[in-house]
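The values are calculated or read from the model by the stated rules, or taken from the named source; none is laboratory data. Keep in mind that this is a model prediction, so the values were computed, not measured. Here the Cβ is made from the backbone with ideal geometry for all residues, glycine too, and neighbour counts use every protein chain on show.
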Amino acid sequence: MSPDRPVLDGEPAGLVRRLRGRLVSACRRRIARPALASLPLGTLEACHRSRRRLLPSRYTDAPAFDLIEVDPNRIEWSLLESAPARPQWGRVVGGDWDRRADRFEDRAVYRGLCQRYRDGYEWAETALVDAFADQLRRFGTAWGYTSMTGFENRCTEIDRLYESVREHGYRRQAELIDRTGTAVPRLDEINVDVGRDGTLYWRSYGQHRLAIAKLLALESVPVLVHRRHRRWQAIRDRVRTDRPGDLPPSVRARLDHPDLRDLDGGIS
């Protein structure tokens, strides 16, 4: 281990940092888990249908809380740093938000897991330890822990997750319902946005699961879509309303997209 890496054994975060970390964690939970997230799934779906009827240009025709199966390798970009903290389930949003993305495989979590499972590094030698320490310095908390002593605990959890997926396959959050903290487990699945051309962007939740799915070359993972770009929604609208023969070549070329499978013209 290089000498400039953070010390892992018993490093105190300090009382102020610990308190700040707990406060940040509480605030994040409040933002990420608004009151709506505690409602039953049927209520959330009814709420979306009502919004769609009232504001059809701002809400998608797609069932807002249905999961879609996608090849994890189709998710190449991340919007975590630029996406709004509040949920945007079923929203249709125009603008250039899909042009402010970073490569998912450049993220420290993905690089750290590659170093661990592909290259055989010890956790303390991976990019993950620096990312963990950086979050502690900036926010006083990292992945639910408030000191570097939590790093080893978190790594043990990741090792268990990796082995579970490798041995038993990818399991949906509903299958792990006892471990989730929400009334609607699917909200904890990998969250994505869909850009103007159908590009899938990782948005939040399931970063480690997505990285592991890529490393294990899984065929598909379930994802929950938050927002769709207005231009992509226009493509959905054409596929929904037009006959296949009337679709332009640019749209027909996308009929195998996972976000079009729920439409009659989409390819399953």
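Checking each residue in region 97-130 for being surrounded by fewer than 18 Cβ atoms within 10 Å (Cβ to Cβ) and under 15 Å from GLU81 (Cα atoms) picks out ARG99, ARG100, ASP102, ARG103, GLU105, ASP106, ALA108.
Applying the set (1) within 30 Å of TRP143 (Cα to Cα); (2) not in a loop (DSSP other than H, G, I, E, B) to ALA234 leaves exactly one unmet item: (1).
Here is the figure for region 113-131: residues that are β-branched (Val, Ile, Thr) and in contact (Cβ under 8 Å) with a residue 60 or more places away in the chain total 1.
Could you give every pair whose Cβ atoms fall below 6 Å, whose first residue belongs to region 150-162 and is part of a helix (DSSP H, G or I), and whose second residue is modelled with pLDDT of 95 or more and hydrophobic (A, V, I, L, M, F, W, C), counting only separations of at least 6 or pairs across chains? Pairs found: CYS155/TRP123; TYR162/ILE212.
For region 187-208, the set of residues classified as assigned to a strand (DSSP E or B) and of a type in the set (D, E, K, R) consists of ASP193, ARG203, listed by residue number.
Restricting ALA211, ALA133, ALA174 to those that are surrounded by fewer than 19 Cβ atoms within 10 Å (Cβ to Cβ), part of a helix (DSSP H, G or I), in contact with a helix residue (DSSP H, G or I) (Cβ under 6 Å, 6 or more places away or on another chain) and not aromatic (Phe, Trp, Tyr) reduces the list to ALA174. Within the set ARG86, ARG118, ARG74, ARG137, the sole residue that is in contact with a strand residue (DSSP E or B) (Cβ under 8 Å, 6 or more places away or on another chain) and of a type in the set (D, E, K, R) turns out to be ARG74.
Candidates in region 136-149 are the residues that are hydroxyl-bearing (Ser, Thr, Tyr) and not in a loop (DSSP other than H, G, I, E, B); of these, the one that is surrounded by the fewest Cβ atoms within 10 Å (Cβ to Cβ) is THR149.
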